[in-house]
1. Tell me which of these Tyr13 doesn't satisfy, since it passes every other one: (1) at pLDDT below 90; (2) of a type outside the set (D, E, K, R); (3) open to solvent by 90 Å² or more (accessible area, probe 1.4 Å).
2. Considering only the stretch 18-31, I want to know if a residue exists there that is under 16 Å from the mean Cα position of the chain (by Cα), open to solvent by 30 Å² or more (accessible area, probe 1.4 Å), modelled with pLDDT of 95 or more and aliphatic (A, V, I, L, M).
3. Which ones in the stretch 43-56 are surrounded by 18 or more Cβ atoms within 10 Å (Cβ to Cβ) and without any contact (Cβ under 8 Å) to a residue 40 or more places away in the chain?
4. What number of residues within the stretch 73-103 satisfy the criterion of being among the aliphatic types (A, V, I, L, M) and modelled with pLDDT under 95?
5. Give the stretch 57-106 a look and list any residue that's under 16 Å from Ser17 (Cβ atoms) and surrounded by 12 or more Cβ atoms within 10 Å (Cβ to Cβ), or say none.
Amino acid sequence: MTENLPATNKVTYWQPSAGETITGVIQGSGTFKNSLYDEQKTMLLQDDNGSVVSIDLNRYLIHSLKQHNAALGDLVTVTFHGKEQKNNGRSFNRYTLRVDKLACSV
């Protein structure tokens, strides 16, 4: 994915509850500085209604997007399954990701 942000005025931020899914077309990605987490990578999706939603990317989502060769114009579905705990006691957010290649090569 490229560092690219759409020219839109209104971007909402996805703050999912366990079991929530979002689907949209990749419009861009970026990185922003956050005092709490240093740098945070994000992906911008445009849903069927034309709304643009920013999704914070964790290591799993970044890896999955790369594995699927996700690009601008692809349809992505992200499901948040909730917080889980590793054997060492550390918690993490569990997601699944699906990429449908819709972008046409010219």
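1. Tyr13 satisfies every listed condition except (1).
2. Yes, that holds for at least one residue.
3. Leu44, Leu45
4. Narrowing the stretch 73-103 to residues among the aliphatic types (A, V, I, L, M): 75-76, 78, 97, 99, 102-103.
Imposing the further condition that a residue be modelled with pLDDT under 95 reduces the set to 102-103.
Number of matching residues: 2.
5. Of everything in the stretch 57-106, those that are under 16 Å from Ser17 (Cβ atoms) and surrounded by 12 or more Cβ atoms within 10 Å (Cβ to Cβ) turn out to be Val78, Thr79, Phe80, His81, Gly82, Asn93, Arg94, Tyr95, Thr96.
The values are calculated or read from the model by the stated rules, or taken from the named source; none is laboratory data. Being a predicted model, the structure only gives us computed values, none of them experimental. Backbone-built Cβ (ideal geometry, glycine too); neighbour counts: all protein chains shown. Only protein heavy atoms, including side chains, enter the accessible area calculation; ligands, DNA and RNA are left aside. Shrake-Rupley method; radii C 1.70, N 1.55, O 1.52, S 1.80 Å.
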